[in-house]
Amino acid sequence: MTADAVQVVVVDDAKDEADLLAALLQVNGYEVRTAGTAEEALALIERSKPHCVLFDVRMPGMGGEELCRQLRDHHGDDIVLIAVSSYNDERITATFAMADHFFAKPMDCASLMAVLAPVK
């Protein structure tokens, strides 16, 4: 990867989904790391300082809502936050309000690429 590559962290407890999304992003020129839990993601984000974090809202342990809150508290608007979920309830709505963008699963890849393009 080049030094100026856009760095993205994908957070999803479903490893296959995280790996598939990471592969799609890598093919499109993004430098991608994955995390299976919000806690793992926080440690990774502190080390790598990504441009964008794309995260599942519903995960065991710390969910996407708390992850999003902690990232906003520590990084403000310095990191683009993209929430993803196949559910729609009050907790999801609260997370979407804190995130910069949100997508319903299954995600439309063209729409995701359009959102990520300005990050470059």
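Listed by first and then second residue, the pairs with beta-carbon distance under 7 Å, at least 6 apart or on different chains, first residue in the range 107-120 and touching a residue at least 40 places away in the same chain (Cβ under 8 Å), second in a helix (DSSP H, G or I) and surrounded by 11 or more Cβ atoms within 10 Å (Cβ to Cβ), are C109/L24. Restricting A22, A41 to residues that are at pLDDT 90 or above, crowded, with 21+ Cβ neighbours inside 10 Å and among the aliphatic types (A, V, I, L, M) narrows the list to A41.
Consider the range 11-62 and keep the residues that are assigned to a helix (DSSP H, G or I) and of a type in the set (K, R). The one that is farthest from S86 (Cα to Cα) is R47.
The values are calculated or read from the model by the stated rules, or taken from the named source; none is laboratory data. Because the structure is a prediction, the values reported are computed rather than measured. Glycine gets a Cβ as well: all are built from the backbone with ideal geometry, and neighbour counts include every protein chain shown.
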